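Below: the structure, in structure tokens.
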Amino acid sequence: MNISLNPADSLGQIVTRHPRLRAELGRLGLDYCCHGNLSLAEAARNSGRDPEEIVRQLESAASAPEAGPSPDAIDWSQRPCAELIQHLESTHHVYLKTALPRIAGLLGKVKTAHAQRHGRMLEALADAFSGLSLELGQHLHKEEQVLFPLIRRLESRSPGELSQPAGVRFSPEAPIRRMEQEHDQAGAALAEMRRLTDGYTPPPDACPTFIALYEELRQLEDDLHLHIHLENNILFPKALALD
Ligand SMILES: [Fe+2]
Ligand SMILES: [Fe+2]
């Protein structure tokens, strides 16, 4: 598909309109989830690149033929919040609850087997991962138990409830700001893990478990970037507009 991008648009707006550009932005190292409020031009300049060149690369990526059905095919900005919440819980939350313990197991094995040559890097990686994992466990719980039920209630309010004074209703603003802060912390932990592992490039002496660990961590990064994008750039603005 041929598209024309405006460098003044934010990364979040661009990914919301053109979900298939997610992969290309990730490849270029432009963070569309935690820093989705930055304009494309600002993000390009911050990474030391020419904004016009980035626009050309993204437009060319968008015009390349698609290999098959894209998982990004649904335009969530046009769907009700309740449907997006159901999708977040049944895909991204379920994925994290199974992937985090699996990665912890792999990391423990690799740390023991490769302590001699890669001990320092693996210790730092394990620290960053365990901090992220612990934070995410609590984060998912807060979204599922507090914020998501509140957004569902706001969306399904009757006209009578709409006329209540604002003070009587519980606004989602404070929990949303809190979740955004936690997303920033998760984004920083992912960036740190990418830095420590040289972009998840296994060392020449890596065993199959080491390679599997890096592949799992790369998938975790990709899934979490999409997850945070759907919340920060689509669900939260829609929920604030409901309020
Ligand atoms: Fe979530
Ligand atoms: Fe979240």
Please enumerate the residues belonging to segment 1-47 that are outside any helix (DSSP H, G or I) and closer than 19 Å to A188 by Cα. L28, G29, L30, D31, Y32, C33, C34, H35, G36, N37, L38, S47
Evaluation of G26 against (1) at pLDDT below 85; (2) open to solvent by 20 Å² or more (accessible area, probe 1.4 Å); (3) under 19 Å from S77 (Cβ atoms); (4) within 19 Å of the chain's Cα centre (by Cα) (one fails), failing number: (3)
Residues within segment 181-229 that are of a type in the set (K, R) and without any contact (Cβ under 8 Å) to a residue 24 or more places away in the chain, tallied: 2
All conditions in (1) under 30 Å from P7 (Cα atoms); (2) at pLDDT below 95; (3) open to solvent by 50 Å² or more (accessible area, probe 1.4 Å) are true of W76 except (3)
Residue pairs qualifying under the 9 Å Cβ cut-off, at least six apart or on distinct chains, with the first in segment 48-67 being under 12 Å from M1 (Cα atoms) and the second being part of a helix (DSSP H, G or I) and modelled with pLDDT of 90 or more, are L58/L40
Would you confirm whether any residue within segment 189-206 is open to solvent by 30 Å² or more (accessible area, probe 1.4 Å) and within 16 Å of ligand 1 (Cβ to nearest atom)? no
For a quick check of your reading of the model, give me the residue pairs whose first member lies in segment 83-94 and is under 14 Å from I234 (Cα atoms), whose second is modelled with pLDDT under 95, with beta-carbon atoms closer than 6 Å and at least 6 apart or on different chains. L84/W76
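The values are calculated or read from the model by the stated rules, or taken from the named source; none is laboratory data. On a predicted model such as this, the values are computed, not experimentally measured, just so you know. No Cβ is skipped: glycine too gets one built from the backbone with ideal geometry, and neighbour counts run over all protein chains shown. Heads up: the accessible areas ignore ligands, DNA and RNA and are worked out on the full protein's heavy atoms, side chains in. Shrake-Rupley method; radii C 1.70, N 1.55, O 1.52, S 1.80 Å.
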